[in-house]
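**Q** First, the structure itself, so that you have it in front of you.
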Amino acid sequence: MALSAQQILRWFNSVKLSSFITAIQLRKHFPRPGKTLLHGFSAQPQMSSDNYFVQWGFKTYRTSSLWNSSQSTNSSRQEIGSAQGTLLPSMSEQTQKTENIPSFDSELSLEALDDRPPVSPLQPVSEEEAVQIIADPALPPDSYTLRDYVDHSETLQKLVLLGVDLSKIEKHPDAANLLLRLDFEKDIKQILMFLKDLGIEDNQLGTYLTKNYAIFSEDLENLKTRVAYLQSKNFSKAHIAQMVRNAPFLLSFSVERLDNRLGFFQKELELSVKKTRDLVVRLPRLLTGSLEPVKENMKVYRLELGFKRNEIQHMITKVPKMLTANKRKLTETFDYVHNVMSIPHHLIVRFPQVFNTRLFKVKERHLFLTYLGRAQYDPVKPNYISLDKLVSVPDEIFCEEIAKASVQDFEKFLKTL
């Protein structure tokens, strides 16, 4: 059965009243129609429930009116027309009210913006915003080379500028992990300033740090304490800088270990304080390397080669590398010089540089002198040739002053060997 125009009008009024009450309640809970959803974007004011129901009722009314148009009377048409005239201004008023709602951007002050809570990182992002996001390429979780991280690490970039060879450091996984965790300004800069104050030049920093990258894990105060200890043992600043350059790991050892090493060489070799200091300045690796080769060589000199303790002291103060030389090389050199060339112990002690010379060079020159009949190593006889001149001078001087022959003759002789 079709509804009359008056019934429809009364039903519309009841719907409007209930929707108006509901809209007021919603505004109490959501007082800001233009509430911000994402950073830089705000939601548009949605259509109120009042307007929604009015428009829905209006569409329903028009459908009902068309369905009953053939059966309604002229008076009912007039009532329906008056009902439409009553409803349309209400809709326009609602639309006008919606348009007159102040925007969120116009009324919200700067103080209110500061009071608003920060945007949550878990807040959803629209597709338009997601397209505009430019993310840095992700770092590889693991890699066999530091080259993959140089573009992303300021620390690695500045170390490369200093001359550090990352290709050598990356062979040690612990070193790569250490450098990637360090901050240049906070962790590295102070160490670099310390090394420069110590006497390491700018062009030497790269080589030094390539060998001893672990110095960045050391506490700065501990490094200063170790330098102060060496100064207390009368090592000059120039000597300390020289020792640090030649033995990059020197400052990585504690004061106790440095003191024990100095005490060992002074006691084992029976050297004075000054000679001990001169010894480690010339070969600072004695303080950082293993003591086993040193102990082994000391036994070789005494038991196998037959040198006396004072003779050993004299030789190692002249050639400190004899303490760390290869045992096989020492025995082969001594055997050839002493047994083949017939040079006694006391002459070898006077010229210990022979132990620091390649054996084939000694053999070539001795055989050439023997071929010329000039291999005379006894100082009391004429045409004496010392071991020093035999092994230390270049080929030109050896041929001209010692062998009394040309370099071409020497080279032709070597081809016969």
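**Q** Under the rule of at least 5 residues apart or a separate chain, name every residue whose amide H is placed under 5 Å from the amide H of A405.
**A** E400
**Q** Would you mind pulling out the separation of the Cα centroids of the range 276-331 and the range 347-417, in Å?
**A** 25
**Q** On to the next question. For the pair N383 and H338, what calculated FRET efficiency results from E = 1/(1 + (r/R0)^6), where r is the Cβ-Cβ distance and R0 = 25 Å, to the nearest 0.05? Each step should come with its number before you reach the end.
**A** On the way: r = 21 Å, r/R0 = 0.84.
FRET efficiency, H338 to N383: 0.75.
**Q** Find, among the GluC sites (Glu not before Pro) in the range 243-324, those assigned to loop by DSSP (not H, G, I, E, B) with at most 10 other beta-carbon atoms within 10 angstrom. Display every interim value, and only then the final one.
**A** Values: sites: E256, E268, E270, E296, E304, E311; in loops: E270.
Answer by residue number: there is no such site.
**Q** If you stretched the chain out fully between K299 and K412, how much longer would it get, using 0.36 nm times the residue separation minus the C-alpha to C-alpha distance? Please list the in-between numbers first.
**A** Working: separation 113, 0.36 × 113 = 40.68 nm, distance 4.13 nm.
Result for the pair: 36.5 nm of gain on full extension.
**Q** Based on the alpha-carbon gyration tensor of the range 321-367 and its eigenvalue square roots a ≥ b ≥ c, which shape applies: rounded if a/c is under 1.5, prolate if not and a/b is larger than b/c, or oblate?
**A** On the way: a/c = 1.64, a/b = 1.20, b/c = 1.37.
It comes out oblate by the Cα gyration axes.
**Q** Ignoring ligands, DNA and RNA, what accessible area per residue does the range 357-416 give at 1.4 Å, in Å²? Write down the numbers at each step before the final one.
**A** Numbers: 3690 Å² over 60 residues.
Normalised by residue count, the accessible surface of the range 357-416 is 62 Å².
**Q** Right, something else. Output wanted: per-residue J couplings in Hz (rounded whole) for the range 227-237, from phi through Karplus 6.51 cos²θ - 1.76 cosθ + 1.60, θ = phi - 60°, x for Gly and Pro.
**A** 5, 4, 5, 4, 5, 5, 8, 6, 7, 6, 5
**Q** Give the carbon-plus-sulfur fraction of the accessible surface of the range 357-416 in %, rounded to a whole number; probe 1.4 Å, heavy atoms of protein chains only. Mind showing how you got there, number by number?
**A** On the way: 1870 of 3690 Å².
That share works out to 51 percent.
**Q** Can you figure out the FRET efficiency of R181 with A238, using R₀ = 25 Å and their beta-carbon distance, to the nearest 0.05?
**A** Numbers: r = 35 Å, r/R0 = 1.39.
The formula returns an efficiency of 0.10 here.
**Q** Within 10 Å of each candidate Cβ there may be at most 11 other Cβ atoms; applying that plus a DSSP loop requirement, which chymotrypsin sites (Phe, Trp or Tyr not before Pro) in the range 349-417 survive?
**A** Taking the range 349-417 and a limit of 11 other Cβ atoms within 10 Å, the loop chymotrypsin sites (Phe, Trp or Tyr not before Pro) found are Y384.
**Q** Return a whole-number percent for the relative contact order of the range 357-416, with Cα pairs under 8 Å and 6 or more residues apart as the contact set. Intermediate results must be reported in sequence, preceding the final value.
**A** On the way: 39 pairs, mean separation 16.5, N = 60.
Relative CO of the range 357-416 lands at 27 percent.
**Q** Separate question: Taking the range 265-363, which trypsin sites (Lys or Arg not before Pro) meet the DSSP loop condition and have no more than 15 other C-beta atoms within 10 Å? Please list the in-between numbers first.
**A** On the way: sites: K267, K274, K275, R277, R282, R285, K295, K299, R302, K308, R309, K318, K321, K327, R328, K329, R350, R358, K361, K363; in loops: K308, R358.
When the trypsin sites (Lys or Arg not before Pro) of the range 265-363 are filtered for loop state and at most 15 Cβ neighbours within 10 Å, K308, R358 remain.
**Q** A further question on this structure: Compute the semi-axes of the equivalent ellipsoid of the range 357-416, taking the square root of 5 times each eigenvalue of the Cα gyration tensor, and list them largest first in whole Å. Intermediate results must be reported in sequence, preceding the final value.
**A** Numbers: eigenvalues 61, 32, 24 Å².
Equivalent ellipsoid of the range 357-416: 17, 13, 11 Å, largest first.
**Q** How much length is gained if the chain between V393 and I133 is pulled fully straight, taking 0.36 nm per residue apart and subtracting their Cα-Cα distance, in nm to one decimal? Please list the in-between numbers first.
**A** Details: separation 260, 0.36 × 260 = 93.60 nm, distance 7.16 nm.
Extra length from V393 to I133 when fully extended: 86.4 nm.
The values are calculated or read from the model by the stated rules, or taken from the named source; none is laboratory data. Only a predicted model underlies this, so the values are computations on that prediction, with no experimental measurement involved. Every residue, glycine among them, receives a Cβ derived from its backbone with ideal geometry; neighbour counts consider all protein chains shown. The area values use the complete protein model at the heavy-atom level, side chains included, leaving out ligands, DNA and RNA. Shrake-Rupley method; radii C 1.70, N 1.55, O 1.52, S 1.80 Å.
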